[in-house]
Structures are given as C-alpha cells and as structure tokens.
Amino acid sequence: MAKRIVRDHCCGVIIDVQEFFLSQLAKRLRSRIETNTKSFAGLLGYFRIPLVVTLERPLEQKGALPPAIERRLRDNALAQTFEKDFFDLTGEKKIRDHLAGLKKKQVIVAGCETDVCVLQSCLGLASLGYDVYLVEELLFSSSRNVDAAIARMKAEGAVFLTYKSLYYELLEAVGSGRQSKQMVETFGPFPEDLADSAVQ
C-alpha cells in the first residue's frame, strides 16, 4: 500500500535545532536550515498538526532554538517542547507518552544530527510502529558524509521527501491562490509568508 501523508494522521518532530549544532554549519547553510525549519513549523501550525520539539541537554552548553523558529512555534497551540538526554527521542518516557497520546501514526522529522539523533530517533519511532518521513532540506549534521545513516533509515522503511512535496501533500488540492473555500473555512486564510519550496 502506498505511503501517503494524511493531515489527520500525522505529527511533526523538530530534533535539536540548537545553537551548538547550528554554529558548526557554514553561514549560508545555517541560514537555509533556520528559514526552512521556520517554514516547516508554520506549515504544520496552519494545518493544526501537532509538533514535538526536542532540545538536547545540557541547555547551557547546547543552547535554545533560534528566535525566528521560537516565534513561529508560538502560533501553534499544538507544539510542545521537551528536553532530552537520549539521542533517540523515544528513549525519553515523557516524549514517548506524549507521542502515544497524540494518536498519530505518521511522524514527519526535521533536525539534527542526521547520523546521530535523527538516525536513532527514526529507528526508535519505527520500532514503535510509526511511519517515519524525513524532510531532506531540514536535516543537517556536522559530519560531511551521512550516506550510511540515510541508507540505514531507508532500509528500516523511512521515507525521504522534499519540503515542496510535503507542502503540496498537505495542501491536497488546487484552490484559488492557495485559498480554497473549504481550507479557509477549516483553517483560516493561508499565511502569505509560507513559501511552497525550501530555500536552496
């Protein structure tokens, strides 16, 4: 059966997009990650899709979310932030219980590091029976080569997609300038500042 993302069946996860990890990126890549992650948070917020945000401890060393992403998350009443000690977010009982309480089968993943926390979290989510989707432009690592981690996640059934694919899969249908009547009635006017593609 084809794996299709369904708005009512999914939640999002943003893993450890913190100053410590972002500071290891080239300036242009960092800017892209921050902009695209902010768009991701906004897109899920518009569709009222629950969002789990993790911050790796110790926060004094690893830092907080970038302010622009933090501000965007304030618009999503279904976004919740958790601190974690485990690389695999499902190793934290509070996070695991929260995800179970959402009663969503699909998890859309963004964040870092692709070959550490993202990899281990995806393996953990898959072992708990979730369908895992990863947004390519929203993943990053201090390592230059993460091919083995990506291959391993794919081997476990994780599906990679682009931000643009996610955007239109959630949108579902052509409307009048992204403002189909049914969508506006359900979710309100579509935010004008949400681009349909990731910044490259």
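A short reminder: the numbers here are calculations on the coordinates, not readings from a lab. Please read all numbers here as calculations on a predicted model, not as lab measurements. Backbone-built Cβ (ideal geometry, glycine too); neighbour counts: all protein chains shown.
Here are the numbers for this structure:
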{"read-out": "Residue-averaged 222 nm ellipticity for the chain, from DSSP H runs of 4+ at -39500 (n - 2.57), nearest 500", "value": "-11000 deg cm²/dmol"}
{"read-out": "Value of relative contact order over the chain, rounded to a whole percent, pairs C-alpha under 8 Å and six or more apart", "value": "24 percent"}
{"read-out": "Relative contact order of the stretch 116-200, defined on C-alpha pairs under 8 angstrom at six or more residues apart (%)", "value": "29 percent"}
{"read-out": "J(HN,Hα) series, the stretch 102-115, from Karplus relation 6.51 cos²θ - 1.76 cosθ + 1.60, nearest Hz, glycine and proline x", "value": "6, 6, 10, 9, 10, 10, 9, 10, 9, x, 8, 7, 3, 9"}
{"read-out": "Burial ordering of Thr81, Thr90, fewest other beta-carbon atoms within 10 Å first", "value": "Thr81, Thr90"}
{"read-out": "Above-threshold pairs, the threshold being 24 Å between Cα atoms, out of Lys93/Lys164; Lys104/Lys181; Lys38/Lys84", "value": "Lys93/Lys164; Lys104/Lys181"}
{"read-out": "Rounded to whole Hz, the Karplus (6.51, -1.76, 1.60) HN-Hα couplings of the stretch 73-86, x for glycine and proline", "value": "5, 5, 7, 10, 5, 9, 8, 9, 9, 10, 8, 9, 9, 7"}
{"read-out": "At most 15 other Cβ within 10 Å, DSSP loop - trypsin sites (Lys or Arg not before Pro), the stretch 130-167", "value": "Arg144"}
{"read-out": "Distant-in-sequence amide H partners of Thr81 (H built 1.01 Å from N, under 5 Å)", "value": "Val53"}
{"read-out": "The stretch 117-125 - phi-based ³J(HN,Hα) in whole Hz, Karplus 6.51/-1.76/1.60, Gly and Pro as x", "value": "5, 5, 4, 5, 5, 5, 5, x, 4"}
{"read-out": "0 to 90° range, to nearest 10: angle between helix 27-46 axis and the chain longest Cα axis", "value": "50 degrees"}
{"read-out": "Amide H contacts of Glu113 (H built 1.01 Å from N, under 5 Å, at least 5 apart or other chain)", "value": "Val118"}
